[in-house]
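These notes are about the structure you will find just below.
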Amino acid sequence: MRRPFLPAASPKTQNPGRSCRVGRWVIAKFAAAVVKFDVAYPYGKKHEEFTKLSAGGRGSPDLLVAEVGVKDYGDMENTDLAQRFEVKKEDFPKVMLFVSGREKPFVFEGEFKAEDLKKFIRVHSEIYIGLEGCLETFDRLVDKFMFSNDYTERKALLRQAEDAWDTLKSPSDHKIAETYVKIMRKVLEKGREFVRQEKTRVEGLMTGRITEDKKAEMQGRLNIIKSFIHEEL
């Protein structure tokens with residue numbers, strides 16, 4: 001859900017294990033809060049992408065999607081909070097992820113798109129907001145797979161993905177899982193650079209003259225490929 005920050009709750013109502021503290025604000029009952037610092041009345045494509053993130057996060061009871069509107073005129077609302085986190089006007093919009101139990105927030109540095117924001121949240125917290133056409137079980141295996149430098153461990157993770165693929169009943173999920181497994185196999189064979197090369201190839205195909213159905217299919221594959229790329233977040 002998306003809302004402005006609220007004043008800190010009294011200590012009696014706070015649950016330290018499930019609260020996110022942002023300056024003097026406390027967001028109770030949430031494991032994480034993703035916050036956009038922006039002008040008081042935001043508009044434009046980046047704001048639209050953040051609104052999409054908010055809509056996508058509604059299904060997660062552990063995540064709060066919030067905005068801090070900063071005014072540099074009148075009552076100077078929230079300028080103190082922006083200063084507290086070293087956010088300058090020229091940085092707007094700036095997104096930070098506050099995770100329960102962690103003092104400092106994670107700062108989003110990727111391309112300002114809803115899908116990349118979702119992935120940013122998944123990578124840095126236990127909260128899952130999947131990209132369209134992705135599966136949570138496989139995304140979590142891929143996270144471990146791409147972070148590991150141990151060939152034996154990665155081989156074992158690939159085997160887990162293959163086993164999970166075999167258990168799927170839905171034809172559409174089965175096809176999606178096949179894409180994950182094939183990319184994992186290629187990464188083991190050719191290295192991490194394969195992912196970048198495949199991303200470039202698919203993006204190139206999407207700029208060509210293809211049907212809407214084929215474009216949607218390619219977008220699904222591209223979203224899966226993005227699950228293999230972490231460093232830009």
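The values are calculated or read from the model by the stated rules, or taken from the named source; none is laboratory data. Quick caveat: nothing in here was measured; it's all calculated off a predicted structure. Cβ: placed from backbone, ideal geometry, glycine included. Neighbour counts: every protein chain shown. Only protein heavy atoms, including side chains, enter the accessible area calculation; ligands, DNA and RNA are left aside. Shrake-Rupley method; radii C 1.70, N 1.55, O 1.52, S 1.80 Å.
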- Across segment 100-111, what is the total count of residues that are buried (at least 19 other Cβ atoms within 10 Å of the Cβ) and within 11 Å of the chain's Cα centre (by Cα)? 1
- Taking segment 133-156 and the residues there that are within 14 Å of ASN223 (Cβ to Cβ) and over 12 Å from the mean Cα position of the chain (by Cα), the one that is surrounded by the most Cβ atoms within 10 Å (Cβ to Cβ) would be PHE138
- Sole exception among (1) open to solvent by less than 70 Å² (accessible area, probe 1.4 Å); (2) in a helix (DSSP H, G or I); (3) touching a residue at least 24 places away in the same chain (Cβ under 8 Å) for ILE129, by number: (2)
- Answer from SER60, SER125 - the residue that is small (Gly, Ala, Ser) and farther than 16 Å from HIS230 by Cα: SER60
- Note on the structure: Among helices (runs of 4 or more DSSP H) entirely within segment 132-233, at least 2 residues that are under 23 Å from PHE108 (Cα atoms) occur in 136-147, 193-206, 212-226
- ILE183 passes all but one of (1) touching a residue at least 40 places away in the same chain (Cβ under 8 Å); (2) within 20 Å of the chain's Cα centre (by Cα); which number fails? (2)
- Please go through segment 21-35 and pick out each residue that is modelled with pLDDT under 90, of a type outside the set (Gly, Ala, Ser) and open to solvent by less than 30 Å² (accessible area, probe 1.4 Å). VAL22, TRP25, VAL26, ILE27, PHE30
- Which numbered condition VAL95 misses (of (1) closer than 30 Å to THR179 by Cα; (2) buried (at least 22 other Cβ atoms within 10 Å of the Cβ); (3) modelled with pLDDT of 90 or more): (1)
- Message: Return the residues of segment 36-76 that are among the hydrophobic types (A, V, I, L, M, F, W, C) and open to solvent by 40 Å² or more (accessible area, probe 1.4 Å); say none if nothing qualifies.
- Response: VAL39, ALA55, MET76
